[in-house]
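Step one of this worksheet: look at the structure below.
The values are calculated or read from the model by the stated rules, or taken from the named source; none is laboratory data. A quick note: this is a predicted structure, and the numbers were derived from the prediction, not measured. As a convention, Cβ positions derive from the backbone with ideal geometry for all residues, glycine included, and neighbour counts pool all protein chains shown. The protein model used for the area step is the full one, side chains on, heavy atoms only, and it has no ligands, DNA or RNA in it. Shrake-Rupley method; radii C 1.70, N 1.55, O 1.52, S 1.80 Å.
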Amino acid sequence: MKFLETLLNGLSAGSTYAMIALGYTMVYGIAKMLNFAHGDVIMVGGYTLFIASTMMGVSPLLALLFAIVFCALIGVTIEKLAYKPLRGASPLAVLITAIGMSKLLQSLAQIVFGSATQPVDLLDLGSVSIGSLNVSMYTVITLLCSAVIMISLSLFVKYTRTGRAMIAVSEDKSAAQLMGINVNFIITITFAIGSALAAFAGFFMVLKTFNVEPSMGAMPGIKAFTAAVIGGIGSIPGAMLGGILMGVVEAFAQTSPVMAPYTDAIEFSILIVILLVRPSGILGKKRREKV
Amino acid sequence: MALLEVNNLEVYYGVICALKGISFEVNEGEIVALIGANGAGKTTMMQSVVGLIPKKGGTVTFDGRDITKTPGHKIVNLGMTQVPEGRRIFQELTVYENLMMGAYTKNDKKQFNDDLERMFELFPRLKERRNQIAGTLSGGEQQMLAMSRALMSNPKLLMLDEPSMGLAPILVDQIFDIIKELHKAGTTILLVEQNANKALQIADRAYVLETGKITFSGTGKELATSDEVRKAYLGG
């Protein structure tokens, strides 16, 4: 039973990582850049929940909706202001800009809300028991929501016109343009979706801890980025798999008194091991030229 | 009036001048070939005409409309499309999905189905491989897919960039037969080729591009029999 509980906890933590990792991987796939401000969009989502729930007192679902919309707007704005002017610039310039954007968001949050942790009044959902299995409702909700989101996203990419255009752009921007695909529009959509997923991740995190602080997105962001690379950056199923793997390893490491202090180290060493065996990640593809 | 008119087109890569003011035209119903050695600027010309790389100077007019500053993704709807060098099909998508991308800007379901049928008649191999992931096709099949993907938009002008590159001779013949067929069916064609022999055989008119400049032009026959062109491009 203990094993099952840990597994479920790991899966729910992993789904949160997967939500974030999807943002990294989709943006990388489409815009070929690492958006290091992505983790801080989670924080923006967290503070939106704080304003909506604690300060305005709206229902948790409405607060989530606010967070999704606001994060999507922030994501798209960041892209337009900071990254779009650098299209075609050296990757290093883009990378530094993204790190700068991350710092900017964190500092803004500090100026506006202070650096202290703030409480968020979301419902404490308690837990459910099935037989001797005791699972928190937070775990159940996170798992169910993430499953629905991941399935919808996969279907969206595979079966809609815009989704296929995203695959086309991620493979070959010029060829996609020849087909009449507006690459800028697809990049905007991608940032909006990725940031909306970050809002969900922020919601799951707040549902667990009931508080927010300016650097709350930094560590989950880095772990989710690691997860995206483990799964194969650019690959959507890869991000899901990498995120889940990360969460499960984390949950099991934390239950062992010996390993618990080294949880982060263990998680990051998975990256090293995977990259030694498969340099492009578990589901990452190496593209071959065919003559 | 010419269908495509390129006037004094200049393209730079940084400080390097890749096209030094080239001018040419393609009239409706023609096959026009642009031949030249590796590095002459053929692909640069193709990409800049359809707005994939920026132009430094000059104008491009298509079908009476100035498209010099039109962004790349708006070109296909005007009736001009390109089969890019190296085919550039979407490897992760199926054959069918690639063809759907070719008709990305079209909304007419019936037209789509008719066009699909036409492509499958023209390239029966693609019909057999309809649901196969495009990256697993052979080189020849990929070229056929790239051509039919472009044709799904029903272009007035089809631009082909090195369609014979890397293909076995028998496939090259096949591709050229198809180009002739498309032309007979009313498509105007601009063909860029290193295989000058083949290109001049089917071209109404041709231009020779040398390090960013057009050095010769004339009918396909004239160029094929010109001493200079023969020496430089047709192996004596």
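Miscellaneous remarks
- Cβ separations smaller than 7 Å between residues 6+ apart or across chains give the following pairs from the stretch A:83-103 residues that are farther than 18 Å from residue A:191 by Cα to residues that are surrounded by 13 or more Cβ atoms within 10 Å (Cβ to Cβ): A:93/A:86.
- Residue list for the stretch B:135-192, filter: of a type outside the set (A, V, I, L, M), assigned to a helix (DSSP H, G or I) and within 12 Å of another protein chain (Cβ to nearest Cβ): B:135, B:136, B:139, B:140, B:141, B:142, B:143, B:149
- Any hit, the stretch A:157-174, residues being open to solvent by 50 Å² or more (accessible area, probe 1.4 Å), farther than 30 Å from residue B:48 by Cα and of a type outside the set (Lys, Arg): yes
- Conditions (1) under 14 Å from the mean Cα position of the chain (by Cα); (2) assigned to a strand (DSSP E or B): number failed by residue B:45: (2)
- Residue ID - farthest from the other protein chains (Cβ to nearest Cβ), chosen from residues in the stretch B:97-109 that are within 19 Å of the chain's Cα centre (by Cα) and not in a loop (DSSP other than H, G, I, E, B): B:99
- Every listed requirement among (1) without any contact (Cβ under 8 Å) to a residue 24 or more places away in the chain; (2) open to solvent by 10 Å² or more (accessible area, probe 1.4 Å) is met by residue B:59 save one, (1).
- Residue A:245 being at pLDDT 95 or above and within 13 Å of the chain's Cα centre (by Cα): no
- Scan the stretch A:49-65 for residues that are surrounded by 12 or more Cβ atoms within 10 Å (Cβ to Cβ) and either of a type in the set (Gly, Ala, Ser) or farther than 18 Å from residue A:217 by Cα (or both) and the total you get is 9.
- Some residue of the stretch B:68-83 being under 18 Å from the mean Cα position of the chain (by Cα), of a type outside the set (S, T, N, Q), within 19 Å of residue B:141 (Cα to Cα) and at the interface with chain A (Cβ under 10 Å from one of its Cβ atoms): yes
- Long-range neighbours under 8 Å by Cβ, at least six apart or interchain, first residue farther than 11 Å from residue B:102 by Cα within the stretch A:176-187, second crowded, with 20+ Cβ neighbours inside 10 Å and β-branched (Val, Ile, Thr): A:183/A:169; A:186/A:30; A:186/A:169; A:187/A:30; A:187/A:169
- Figure legend. Inter-residue proximity from the stretch A:254-277: first residues at negative phi, second residues surrounded by fewer than 14 Cβ atoms within 10 Å (Cβ to Cβ) and in a helix (DSSP H, G or I), beta-carbon distance below 6 Å, spacing 6+ or different chains. Indicated pairs: A:254/A:260.
- Residues being under 15 Å from residue B:38 (Cα atoms), surrounded by fewer than 20 Cβ atoms within 10 Å (Cβ to Cβ) and β-branched (Val, Ile, Thr) - total across the stretch B:184-214: 1
- Residue B:124 satisfies every condition listed in (1) open to solvent by less than 20 Å² (accessible area, probe 1.4 Å); (2) closer than 29 Å to residue A:159 by Cβ except (1).
- With respect to the stated conditions, residue B:52 is within 14 Å of chain A (Cβ to nearest Cβ), assigned to a loop (DSSP other than H, G, I, E, B) and either among the aliphatic types (A, V, I, L, M) or in contact with a His (Cβ under 8 Å, 6 or more places away or on another chain) (or both).
- Exclusive hit being in a loop (DSSP other than H, G, I, E, B), more than 21 Å from residue B:191 (Cα to Cα) and aromatic (Phe, Trp, Tyr), set B:112, B:90: B:90
A quick yes/no check of all residues on (1) without any contact (Cβ under 8 Å) to a residue 40 or more places away in the chain; (2) touching a strand residue (DSSP E or B) at 6+ places or on another chain (Cβ under 8 Å); (3) under 28 Å from residue A:241 (Cβ atoms); (4) part of a helix (DSSP H, G or I):
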site: A:36; (1), (2), (3), (4): no, no, yes, no
site: A:39; (1), (2), (3), (4): no, no, yes, yes
site: A:50; (1), (2), (3), (4): no, yes, no, yes
site: A:54; (1), (2), (3), (4): no, yes, no, yes
